[in-house]
Amino acid sequence: QRIPPLETASGDIMPDQIEVPDGPRSNQIDDIDAGRDGEVWLATRRTINRTTVARRDGNGTWRVFTAAEGLPASSLLSALADRDGGFWGGSSSDGLVRIDPEGAVTVFDTENSSILSGLSNPDFVPVVDAAFDGDGQIWAVNQASSQPLHVRDDVGAWTGLPFPSNVLSRDIVEGVLIDRFDQKWVFTAESGIFVYAPGSSLPQGSAPFLRPGGANGIGLPNGQVEALAEDLDGRIWVGTRRGLATIFSPGSAFSGDLSLIEPQWARTEDGTSFFLRDLLINDIAVDPANNKWLASSSGAWLIDSDGENVLLRFTEADSPLFSDNVIAVDVDARTGTVYFATDRGVLSYRGEALAAAPTVRDLDVAPRPYRPAQHADGVLISGLVAETRVRILTFDGRLVRALDTRGGAVRWDGRDADGQAVPSGGYLVAASGLGDEGTGFGKIAVIR
């Protein structure tokens, strides 16, 4: 806002113009989700009697939804981009919010769904998370009720599921992950994780229930689970308030042997401790290279595909992060953009992991030419299929370097297999899909 100068020390300050910039109306962002077409959705906490949802499309244009469009008054706790370009959001006390691709808002609550009120208060309808199953049905997590999970089928009919018989109904459910087997992994604020079988009906008997405890790196690091994510290999990563664990065989959940799905903690390289032990993890996102971004109370971390090494770490002190308290993270696989929601606002980082090309094609190579003295980050080779062996060759066919990679891009540091800098000259890049997709080609000119 522009304020005119004061004529006297006691004069009133009256702005003569107020400008509202594009973008979210609040820095209190609880969740973030990137859609298929480059759009990103932000769900915000209620501030100054206002709740908003903000959408930034692939061209950088923002649209903000408020009570004027029909949003409820309570905080929005989760964001889920729909495949049709719309949005689903869980609220702290007003049900499940749907924004369709045209911007129309619908709220699902006790009046038009199976979702229940909580704590004997008809006006308290907490729906804290939502997820899609393999058939495109929406599942909603209904906190403080006797039915913690509700599904809306493709004709709009709702069904509520009760707690499994071995789970206390007072457990405070916080979120859900639906894996590739259509199993629903529901995590709680205190007790751990329980699992529903595929489909929309509860199986007879008890469901698997993972509780904190164990020894030698087996079991949940902490009962307060904050995030779950399934990676490209089908493993489930568990973020708690005291560290990270991995479930290596989620498909064995209903095998009858609970040990097959016991979470395991990675050890440090020297084997004397556990990797990222005691890190408070708020959110997890998997990038197209199968690396994992962690949103934590001490910054943002990128760890490798096996969860054993830190590749990057961003903090307020050494990066543009507004705060070390990173609430949520998500990756736009199409562009490689990583979005971070902190307790002081949201920002993005251009990552290098890109979605794989659907078919083999000519490769993109940048920069061209490659001058190592000017381009310290090396050469980015993109346009790869899901799993690729990339070979750097001389024009007479001699192998200089081989790189096995996952996702749509890989970076070459300009060195050969022995770690020596390659001389100036022209090089051929051959990228062969490990699934017999064929081979794509590109060229690199190195100038030293």
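For the stretch 152-270, what's the relative contact order in percent, using C-alpha pairs closer than 8 Å and at least 6 residues apart? About 18 percent, as a whole number. By the compact-protein rule of thumb, 2.2 N^0.38 Å, the alpha-carbon radius of gyration of the stretch 107-151 corresponds to a ratio of 1.12. Rounded to the nearest whole Hz, the Karplus-based 3J(HN,Hα) values (6.51 cos²θ - 1.76 cosθ + 1.60, θ = phi - 60°) of the stretch 77-83 follow the sequence 9, 9, 10, 9, 6, 7, 5, with x at glycine and proline.
Protein heavy-atom accessible surface, 1.4 Å probe, per residue over the chain: 47 Å².
Between L119 and R313, the modelled label-to-label distance comes to 3.8 nm, taking each label 7 Å out from Cα in the direction of the beta carbon. Here the Karplus relation 6.51 cos²θ - 1.76 cosθ + 1.60, evaluated at θ = phi - 60°, turns the backbone of the stretch 268-275 into coupling constants of 5, 4, 7, x, 8, 8, 10, 5 Hz, with x for every Gly and Pro.
Descending by average beta-carbon neighbour count within 10 Å, the peptides 361-367, 207-213 line up as 207-213, 361-367, the highest first.
A simple spin-label model places pseudo-atoms 7 Å from Cα toward Cβ; at Q374 and L393 they are separated by 2.9 nm. Once the convex hull of all Cα atoms in the stretch 220-311 is built, its volume per residue stands at 91 Å³. Restricting the trypsin sites (Lys or Arg not before Pro) of the stretch 147-188 to loop positions (DSSP other than H, G, I, E, B) with no more than 16 neighbouring Cβ atoms within 10 Å leaves R170, R180. Amide H contacts under 5 Å for G175: F187, restricted to partners 5 or more places along the chain or on a different chain, H placed in the peptide plane at 1.01 Å from N. Taken one residue at a time, the phi angles of the stretch 298-305 give Karplus couplings (6.51, -1.76, 1.60, θ = phi - 60°) of 10, x, 10, 10, 10, 10, 6, 4 Hz. Gly and Pro are set to x. A convex hull fitted around the alpha carbon atoms of the chain yields 201 Å³ per residue.
With all pairs of separate Cα atoms included, the stretch 316-407 yields a Kirkwood hydrodynamic radius of 15.8 Å. For the options P372, P221, P15, a Gaussian network treatment of the chain with springs between C-alpha atoms closer than 10 Å singles out P15 as fluctuating the most. Orientation-averaged projection of the stretch 138-254 equals 7.3 nm² [convex hull of Cα atoms, one quarter of hull surface area]. Ranking T337, A445, F132 by Cα position along the charge dipole of the chain, where only Lys, Arg, Asp and Glu carry charges on their C-beta atoms, puts A445 farthest toward the positive end.
Taking amide H atoms as placed 1.01 Å from N in the peptide plane, the amide H of L312 lies under 5 Å from those of L302, each 5 or more residues away in sequence or on another chain. Name the residue from G35, S93, F248 whose Cα lies farthest towards the positive end of the charge dipole of the chain, charges +1 on Cβ of Lys and Arg and -1 on Cβ of Asp and Glu. Positive-end residue among those listed: F248.
A cut-off of 5 Å between modelled amide H atoms, ignoring neighbours fewer than 5 places along the same chain, links R267 with F275.
The values are calculated or read from the model by the stated rules, or taken from the named source; none is laboratory data. Just so we're clear, the structure is a prediction, and the values are computed from it rather than from any experiment. Cβ sites come from the backbone with ideal geometry, for glycine too, and all protein chains shown count toward neighbours. Ligands, DNA and RNA are stripped out before the accessible areas are found, and what is left, the full protein with its side chains, is counted by its heavy atoms. Shrake-Rupley method; radii C 1.70, N 1.55, O 1.52, S 1.80 Å.
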